Amino acid sequence: IERTETVSAIDLAARAADAALDQAKGLRDRVERVSVVNMLTPVGPAPAARLARRLGIDPAVREVSTIGGNSPQTLVARAAAAIAAGDAEVVLVAGAEAQRSQRARRPEGGRVSGTPSEQHETVPDAVVGDDRPGVSDHELSAGLVAPVNIYALFESALARRAARDFASHRAALGRLMAPFTKVAATHPYAWFPHPRDPQALADVAPDNRLVSEPFTKRLCAVIGVDQGAAVVVTSLGAARSAGVADRAVFCWSSASAADVWFPTQRPDLARSPGIAAAVGSALAGAGLGVDDLDAFDLYSCFPCAVELAVDAIGITGDDPRGLTVTGGLPYFGGPGNNYTLHAIATMTERLRDHGGRGLVTGLGWYATKHAAGVYASEPPPRGYVSADTTDAQQAIDATAVPVVAGVDGGQARRAQVLGATIAFGPGGEPHAAPVIARLEDGRQLAADAAEGELAPIGSRNLAGAQIEVAGTPARYRVLAEAGA
């Protein structure tokens, strides 16, 4: 972590990687692959090559992931699978963000992106991962691109299922997330190491404004951080030869899956079969049930990500084992795509110190791409398992709902709202009220409020409401409340 000096993302990744490799000095010169998590701070096309040069190593493979908070777990799983197959022996996975430094330099018009020679790296790293965009033209037509707004739609569906209005649901979110702040308060690398009570998270105040109903600022991931993390994935034989086998934590299993790719096509905004498939397959591969786990770190960019995971896994929000080992993205910090690498590093330290088994999850885009990993302080009795989710993925993809861009022909059509939010500007003024809704013929669309509708909507949760939709792109007016 860096709170004061101006640094680059490569600086922080190098610091973390040096710290990791210093714990296993005999492995530094044996690193065969450097895998870097996609960096949002400008770093050029070859961050893995730049990092390797900083570290004074010459790996045969240099690669960078696509966008997505699932990427750290996916890269660790990729390394574990290569090692289990005998295709590699020592892999370094690293990532960082320097958004705080980047913003600090903006008044000067400068960028924190490395030395002149690094900025002109000519050979790009290999890119791994799914690079499909997270939204389609259907979402874009309703102004749905900012994560805080799309995740708020999911939250509204969860609020409706719990029969709560936005205010009462926000209070419940404060109760869900307050324990995260207590974990962050004990973590040496947390951005906000301060315990807070539920009211401090949920109550709207000058320093805790509404961002997108029902989210206040303190319920949202914080990206403006300078944080880095790294892990070394190796064979047990290599760990033994380096004299660090007694400190090893073991990758037991992993799995990846995706929900229906674009949010407007999802049949239920309050469920995540993708999380269920990834976690269920990873646990099955490890030969474990959820009751066999001692610790969790569930991805937590927004509260609904936690709620979706809790529901999919089959635990409760107040599980005595806790839902995070770091404090989560709103309180530990949300370093771009790299948060889950901090979770894996922290889980490693926890299991090393206390023993047991832990589950780490990551997600990318809009609760779209999911990855899960099982870790333990003892070797896996089945060996490392990369679980196959092909059948589950086909079943999920088959549930995609047909979508339309709008309503043509000059005649409005009725629809039911599946998810809704009210988006606010920095001054607290509402500026949009996008929804995802289902027409009477079963097709779905994304729409924004028609002119003059924002004031009548107020702070109501429109999930379940009947609306009238017209035009392309679609715009709506409210006809009746949910249940009316």
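Laboratory data are not the source of any read-out in this text; all were calculated from the coordinates shown. The structure displayed is predicted, hence computed values, not measured ones. Here the Cβ is made from the backbone with ideal geometry for all residues, glycine too, and neighbour counts use every protein chain on show.
Quick look at the values:
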{"read-out": "5 angstrom amide H check on Trp252, placed H, neighbours 5+ away", "value": "Val374, Tyr375, Ala376"}
{"read-out": "Cα shape, the range 367-463, gyration tensor, a/c 1.5 rule", "value": "oblate"}
{"read-out": "Estimated dipole of the chain in Debye, rounded to 20 [Cβ of Lys and Arg +1, of Asp and Glu -1, Cα centre]", "value": "560 debye"}
{"read-out": "Gyration tensor verdict on the range 136-261 (Cα atoms; rounded if a/c is under 1.5, prolate if a/b is larger than b/c, oblate otherwise)", "value": "prolate"}
{"read-out": "Computed magnitude of the charge dipole of the range 401-484 (debye, nearest 20; Cβ of K, R +1, Cβ of D, E -1)", "value": "160 debye"}
{"read-out": "For the range 445-484: rounded, prolate or oblate by the Cα gyration tensor [a/c cutoff 1.5]", "value": "oblate"}
{"read-out": "Under 5 Å, built H, 5+ apart or other chain: amide partners of Arg357", "value": "Asp294, Ala295"}
{"read-out": "Computed log₁₀ I(q)/I(0) - Debye formula, equal Cα scatterers, no solvent, the range 263-377, q 0.18, 0.19, 0.20, 0.24 Å⁻¹", "value": "-0.88, -0.98, -1.09, -1.56"}
{"read-out": "Ratio of the Cα radius of gyration of the range 27-105 to 2.2 N^0.38 Å, where N counts its residues", "value": "1.14"}
{"read-out": "DSSP bridge pairs, the chain: antiparallel proportion in percent, nearest 5", "value": "70 percent"}
{"read-out": "Rounded to 10°, Cα long-axis angle of helix 71-84 versus longest principal axis of the chain", "value": "40 degrees"}
{"read-out": "Neighbour net charge for Leu298 - beta-carbon separation under 14 angstrom, K R +1, D E -1", "value": "-4"}
{"read-out": "Net charge over other residues, Cβ less than 11 angstrom from the Cβ of Ala423 (K, R count +1; D, E count -1)", "value": "-3"}
{"read-out": "Net charge, Gly243 excluded, C-beta distance under 15 Å - Lys, Arg +1, Asp, Glu -1", "value": "+2"}
{"read-out": "For Leu418, residues with placed amide H under 5 Å, excluding near neighbours", "value": "Ile436, Ala437, Arg438, Gly464"}
{"read-out": "Nearest-ten-degree value, helix 339-354 long axis tilted from longest Cα axis of the chain", "value": "50 degrees"}
{"read-out": "Calculated from backbone phi, Karplus (6.51, -1.76, 1.60) coupling profile of the range 172-184 in Hz, x at Gly/Pro", "value": "5, 5, x, 5, 5, 8, 4, x, 4, 5, 5, 5, 4"}
{"read-out": "Rounded to whole Hz, the Karplus (6.51, -1.76, 1.60) HN-Hα couplings of the range 9-22, x for glycine and proline", "value": "4, 5, 4, 5, 4, 5, 4, 5, 5, 4, 4, 5, 5, 5"}
{"read-out": "Cross-link partners of Lys217 among lysines (Cα-Cα below 20 Å; sequence separation of 8 or more within a chain)", "value": "Lys182"}
{"read-out": "Charged-residue dipole, Cβ positions (Lys, Arg, Asp, Glu), the range 338-454 about Cα centre, Debye nearest 20", "value": "400 debye"}
{"read-out": "Burial order of peptide ranges 5-15, 170-180 (average beta-carbon count within 10 Å, highest first)", "value": "5-15, 170-180"}
{"read-out": "Burial order of peptide ranges 292-305, 124-137 (average beta-carbon count within 10 Å, highest first)", "value": "292-305, 124-137"}
{"read-out": "10 °C / 1.306 mPa s Stokes-Einstein diffusion coefficient of the range 396-449, Kirkwood radius on C-alpha pairs, µm²/s", "value": "125 µm²/s"}
{"read-out": "In order through the range 392-408: 3J(HN,Hα) via Karplus (6.51 cos²θ - 1.76 cosθ + 1.60), integer Hz, x for Gly, Pro", "value": "5, 5, 4, 5, 5, 4, 5, 8, 4, 9, x, 10, 10, 7, x, 10, 9"}
